[in-house]
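Student: Let me begin by handing over the structure; questions about it come next.
The values are calculated or read from the model by the stated rules, or taken from the named source; none is laboratory data. Everything numeric in this text was worked out from a predicted model, so none of it was measured. Note that we place each Cβ from the backbone using ideal geometry, even for glycine, and neighbour counts take in every protein chain shown. Accessible surface is based on the protein model in full, side chains and every heavy atom, while ligands, DNA and RNA are left aside. Shrake-Rupley method; radii C 1.70, N 1.55, O 1.52, S 1.80 Å.
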Amino acid sequence: MAIIKPFLDAQRFAATIGDGTPDGDDLDFVFADTTPDAGLTAFPTVFASYNLYVNGVLQLDAESTFDGTTLTIIDGNLQNAGVPITIEFLVN
């Protein structure tokens, strides 16, 4: 079991489905596709976990992957382009 530091902060990035780049049925998002919280200049490289919200609903872990620079929403390209998403990284 990983030891989590006692202080966690959230860094949030907003976009819509239409801001992503299609990859077959999947949808990829890089930092430039999002509107970050004030002062953020990139996705964090070190974080405790991340949450993905599609239309305000928290998604299961199996619905997305993150490789350090790109968030991929599995079957995300099948959604309406106007659907809002929020990527939330918990950092310590």
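Student: Looking for something assigned to a loop (DSSP other than H, G, I, E, B) and either surrounded by 12 or more Cβ atoms within 10 Å (Cβ to Cβ) or more than 10 Å from the chain's Cα centre (by Cα) (or both) - is there at least one such residue anywhere in the range 28-35?
Tutor: Within the range 28-35, one or more residues are assigned to a loop (DSSP other than H, G, I, E, B) and either surrounded by 12 or more Cβ atoms within 10 Å (Cβ to Cβ) or more than 10 Å from the chain's Cα centre (by Cα) (or both).
Student: Okay, moving on. Restricting attention to the range 64-81, report how many residues are part of a helix (DSSP H, G or I) and open to solvent by less than 70 Å² (accessible area, probe 1.4 Å).
Tutor: So the answer is 2.
Student: OK, next. Test each condition in (1) free of Cβ contacts under 8 Å to residues at least 40 places away in the same chain; (2) farther than 21 Å from D9 by Cα for I73 and report the one that comes out false.
Tutor: With (1) free of Cβ contacts under 8 Å to residues at least 40 places away in the same chain; (2) farther than 21 Å from D9 by Cα applied to I73, the lone miss is (1).
Student: Among the candidates G56, G39, which residue alone is open to solvent by 60 Å² or more (accessible area, probe 1.4 Å), without any contact (Cβ under 8 Å) to a residue 60 or more places away in the chain and within 18 Å of D9 (Cα to Cα)?
Tutor: Exactly one of G56, G39 is open to solvent by 60 Å² or more (accessible area, probe 1.4 Å), without any contact (Cβ under 8 Å) to a residue 60 or more places away in the chain and within 18 Å of D9 (Cα to Cα), namely G39.
Student: For residues that are in contact with a strand residue (DSSP E or B) (Cβ under 7 Å, 6 or more places away or on another chain) and of a type outside the set (F, W, Y), tally how many sit in the range 24-45.
Tutor: Residues in the range 24-45 being in contact with a strand residue (DSSP E or B) (Cβ under 7 Å, 6 or more places away or on another chain) and of a type outside the set (F, W, Y): 10 in total.
Student: Could I ask something else about it? Go through F7, F13 for me and flag whichever is more than 14 Å from G76 (Cβ to Cβ) and in a loop (DSSP other than H, G, I, E, B).
Tutor: None of the others qualify; the one that does is F7.
Student: So, in the range 26-52, exactly how many residues are of a type in the set (V, I, T) and more than 22 Å from P6 (Cα to Cα)?
Tutor: Final tally of qualifying residues: 4.
Student: Something else now. If D19 passes every condition in (1) at pLDDT below 95; (2) surrounded by 11 or more Cβ atoms within 10 Å (Cβ to Cβ); (3) more than 11 Å from the chain's Cα centre (by Cα) but one, which one does it miss?
Tutor: Going through (1) at pLDDT below 95; (2) surrounded by 11 or more Cβ atoms within 10 Å (Cβ to Cβ); (3) more than 11 Å from the chain's Cα centre (by Cα) one by one, D19 breaks only (1).
Student: Which of the residues belonging to the range 43-53 are assigned to a loop (DSSP other than H, G, I, E, B) and open to solvent by less than 50 Å² (accessible area, probe 1.4 Å)?
Tutor: Within the range 43-53, F43, P44, A48 meet the criteria.
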